[in-house]
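Read through the structure below, which is laid out as structure tokens, and then see the notes.
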Amino acid sequence: MSVIQSFRFLFRLKLLAAGLTLGIAGMGFPGESHGLAAWFGPWDYVLKHDDEGRPQAAFARLRGENGSLLWLTCQRFASEPDQPSVPFATVAVAQRQFLGRSDPNGRSTVYWFDDNGPEVGRWIYRDRHGQMPDPSQVRAFVDNLAGAQSLTVELSNYRFETRKHEFRLDPKDTSSVAERFKKDCAGILRENDQ
């Protein structure tokens, strides 16, 4: 089975997992698209528009310790040019260690903000990243992120060995990113409804 066929199969099984993989790789935009980049302290932020100037995707990225990356993604994506686009939002942590692939139900993943108690979510794993696919958990995550000074995520590999990834946050910069992301994501999701 070719990579494209494998991807199409995964897309049908779990659009959210496949969409973030495309977003991280920068390949999720058929045809021409235009982007606007901004920086909020250590955060990289990109808002992409389609040919008609409508918001198509928002990406926020923060570097963590040991080469890890925290990604916030909100995107409209179509698997084929003649198919309607499907919106989704997700949070992901990409890192160097091979994690393997989870089944479509994901793996339990523990994360916490500051010294607050741990939260557990079902994250989808693809090779070197794990992502939170549940929209309500993504909204809650972004809300909690806005006021935090640190984030810790424990990703587990295919042998269920955990590895801790830490991100230091400046509350002012992070709050600005969270507000911008929520605003842009609302526009992207509204565009899909029209």
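The values are calculated or read from the model by the stated rules, or taken from the named source; none is laboratory data. All values derive from a computational prediction rather than experimental measurement. Methodologically, a virtual Cβ is constructed for each residue, glycine included, from the backbone with ideal geometry; neighbour enumeration extends over all protein chains shown. Remember, those area values only see protein heavy atoms, side chains included, never the ligands or the DNA or RNA. Shrake-Rupley method; radii C 1.70, N 1.55, O 1.52, S 1.80 Å.
Run the simple label-point estimate for D114 and A37 please: 7 Å along Cα→C-beta, distance reported in nm.
About 3.3 nm, to one decimal.
Please state the charge dipole magnitude for region 102-163, taken about the Cα centre, from unit charges on C-beta atoms (+1 on K and R, -1 on D and E), reported in debye and rounded to the nearest 20. Walk me through the intermediate numbers first.
On the way: 7 positive and 9 negative charges, 57 e Å.
That gives a dipole near 280 debye.
Considering only the other residues whose Cβ falls under 10 Å of the Cβ of E65, what net charge follows from Lys and Arg at +1 and Asp and Glu at -1? Walk me through the numbers on the way to the answer.
Details: positive: R63, K164, R168; negative: E166.
Every neighbour counted, the sum reads +2.
Counting Lys +1, Arg +1, Asp -1, Glu -1, what net charge surrounds K164 among other residues with beta carbon under 10 Å of its beta carbon?
Details: positive: R163; negative: E65, E154, E166.
That works out to -2.
Compute the convex hull volume of the Cα atoms of region 78-164, divide it by the residue count, and report the result per residue in Å³ as a whole number. Write down the numbers at each step before the final one.
Values: hull volume 10.2 nm³, N = 87.
So the per-residue hull volume is 118 Å³.
Expected output is a single nm value to one decimal: the length gained when fully extending between S150 and D170, i.e. 0.36 nm times separation in residues minus the C-alpha distance. What is it?
Numbers: separation 20, 0.36 × 20 = 7.20 nm, distance 0.83 nm.
Separation in residues times 0.36 nm, less the Cα-Cα distance, equals 6.4 nm.
Given the whole protein assembly as supplied and a 1.4 Å probe, what does the accessible area of D143 come to in Å², nearest 10?
Taking all protein chains as shown, D143 has close to 80 Å².
Could you report the accessible area of W112 in Å², rounded to 10, computed with a 1.4 Å probe on the protein chains as they sit in the structure?
In the full protein context, W112 sits at about 50 Å².
Relative contact order, percent, of region 68-163 when contacts are C-alpha pairs under 8 Å separated by at least 6 residues? Before the final figure, lay out the partial values.
Numbers: 176 pairs, mean separation 25.5, N = 96.
Across region 68-163, relative contact order equals 27 percent.
Which value in Å does the Kirkwood hydrodynamic radius of region 117-194 take, with 1/r averaged over all unlike C-alpha pairs and then inverted? All intermediate terms of the calculation are to be shown ahead of the outcome.
On the way: mean 1/r = 0.0702 Å⁻¹.
This gives a value of 14.3 Å.
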